[in-house]
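Structure first, commentary second.
The values are calculated or read from the model by the stated rules, or taken from the named source; none is laboratory data. Bear in mind that the values here come from a model prediction, so they are computed numbers and not experimental data. Neighbour counts run over all protein chains shown; Cβ positions are idealised from the backbone, glycine included.
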Amino acid sequence: MDHRILSLVTCALLTCNTAVGVEVSDFDSIKLYTLKNQNEMVVDITNYGATITSIRVPDRAGNIADVALGYRSVESYINAIDRPYFGSVVGRYGNRIAKGSFILDNNKYTLATNDGQNHLHGGKMGFDKVVWKAEVLEDSVKFSYLARDGEEGYPGNLALSVTYSLTDDNEIVMHYEATTDKPTVVNVTNHTYFNLSGEGATTINDHVLHINASKFTPVDAGLIPTGELRDVAETPFDFRTPKEIGRDLDAHDTQLKYGLGYDHNWVLDRIDDAVELAAMLYEPNSGRVLEVLTTEPALQFYGGNFLDGRLVGKSGKAYQHRSGLCLETQHSPDSPNRPEWPSTVLRPGEKYNTTTVYRFGVK
Ligand code: BGC
């Protein structure tokens, strides 16, 4: 597709100066890739963490804003305090594994713990913290990473790729593929924080959210699922009809207390294995709409509860409490310890193959 411009801009938006505490072997290998379509939509992605650093989309009047939170410099991504995982691919297991351990085929595996006593988003050096190999394809960019056997405690050499494409229907299509040489667990997702008013705007509590799910997984105080699949009906977790995010945030609800707001996993109402609508987000003033479609069985809606004004974003504004939200398509947290839930096990000879789409529009 020759109308689509895919350019490689080495550190154009990301300034690569001196690297402090860099844990990558070749700093020069960090690059920025830009995808553009016919509708003036522009997406920047770096091979550091296969991270989406910016998504510029029009509002209903045609005004462009960057709706993805992120930093201006590579150093900020590398040295991020509190590690918000802005825009990155997280894994080998996105989300939490209780006490950083699980049993697979009678072998107990002990993972790095980086969230109290639990494992979160792949551990200390997860996929957000590594440099991926990049390959520019006709209308997409493919990032590959070989996670070594034993890395962060996981078994098996995992050959993983994520391919990002941008369509003229304003869709970012993310296609993940992986194979392994030993039985392992895999659950990768993208961790973009959205604010459809534009990054740097105050809160997402005025956004209207729909989640196509009748059940969610209640958690304990450490945000580990208790094992229950609870009906959303008559709880603040009911987004089956589009609802303003802020509407029930102050309800007296133990789950909201544990999450400091919404930081939970919804079990999607799926028809089959196809790419299906998981969630829809709408911001009334700009008219911007984001639809999230996926082949995955669940969705983590994280309301940016841990943002507290200390992180300064790419346009110089501090990211305040709940100034961005994540809609992370995935399997539910702690699935390796929940054999009754959809499996995250990948075995030699099998192929991990998932697709998630961020589709932008206006209304
Ligand atoms: C989790 C939050 C966590 C955040 C880190 C989200 O995916 O649900 O609990 O604090 O990632 O940025």
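Worth pointing out:
- Selection count where residues are assigned to a loop (DSSP other than H, G, I, E, B) and within 14 Å of the ligand (Cβ to nearest atom), scope region 90-113: 3
- Criterion violated by residue 125 - all others in (1) over 19 Å from residue 49 (Cβ atoms); (2) of a type in the set (A, V, I, L, M); (3) surrounded by fewer than 20 Cβ atoms within 10 Å (Cβ to Cβ) satisfied: (1)
- Options 116, 87, 62: the member that is surrounded by fewer than 17 Cβ atoms within 10 Å (Cβ to Cβ) and within 12 Å of the ligand (Cβ to nearest atom): 116
- Enumerated strands (runs of 3 or more DSSP E) restricted to region 143-252, each holding at least 1 residues that are surrounded by fewer than 19 Cβ atoms within 10 Å (Cβ to Cβ) and free of Cβ contacts under 8 Å to residues at least 24 places away in the same chain: 158-166
- Every listed requirement among (1) modelled with pLDDT of 95 or more; (2) more than 14 Å from the ligand (Cβ to nearest atom); (3) over 22 Å from residue 73 (Cα atoms) is met by residue 137 save one, (1).
- Considering residues of region 297-342 that are over 15 Å from residue 207 (Cβ atoms) and of a type in the set (S, T, N, Q) only, the residue nearest to the ligand (Cβ to nearest atom): 300
- Restricting attention to region 67-94, the residues that are of a type in the set (Gly, Ala, Ser) and farther than 26 Å from residue 352 by Cα total 5.
- Residue match in region 244-258 (condition: closer than 13 Å to residue 213 by Cα and within 22 Å of the chain's Cα centre (by Cα)): no
- Condition met for residue 315 (under 29 Å from residue 222 (Cα atoms), in a loop (DSSP other than H, G, I, E, B) and not aliphatic (A, V, I, L, M)): no
- Taken over region 260-285, the residue count meeting the criterion of being surrounded by 20 or more Cβ atoms within 10 Å (Cβ to Cβ) and farther than 25 Å from residue 357 by Cα is 1.
- For region 119-134, taking the residues that are more than 16 Å from residue 153 (Cβ to Cβ) and not aromatic (Phe, Trp, Tyr), the one that is nearest to the ligand (Cβ to nearest atom) is identified as 128.
- Subset of region 67-84 that is closer than 26 Å to residue 301 by Cβ and in contact with a Ser or Thr (Cβ under 9 Å, 6 or more places away or on another chain) - its residue that is farthest from the ligand (Cβ to nearest atom): 67
- For residue 357: the one exception among (1) in contact with a strand residue (DSSP E or B) (Cβ under 6 Å, 6 or more places away or on another chain); (2) within 16 Å of the ligand (Cβ to nearest atom); (3) closer than 27 Å to residue 169 by Cα: (2)
- For region 101-113, a residue qualifies if it is surrounded by fewer than 16 Cβ atoms within 10 Å (Cβ to Cβ) and in contact with a strand residue (DSSP E or B) (Cβ under 8 Å, 6 or more places away or on another chain), and the qualifying residues are 103, 108, 110.
- Failed item in (1) of a type in the set (A, V, I, L, M, F, W, C); (2) touching a residue at least 12 places away in the same chain (Cβ under 8 Å); (3) out of contact with any Gly (no Cβ under 6 Å at 6 or more places or on another chain), with residue 271 passing the rest: (2)
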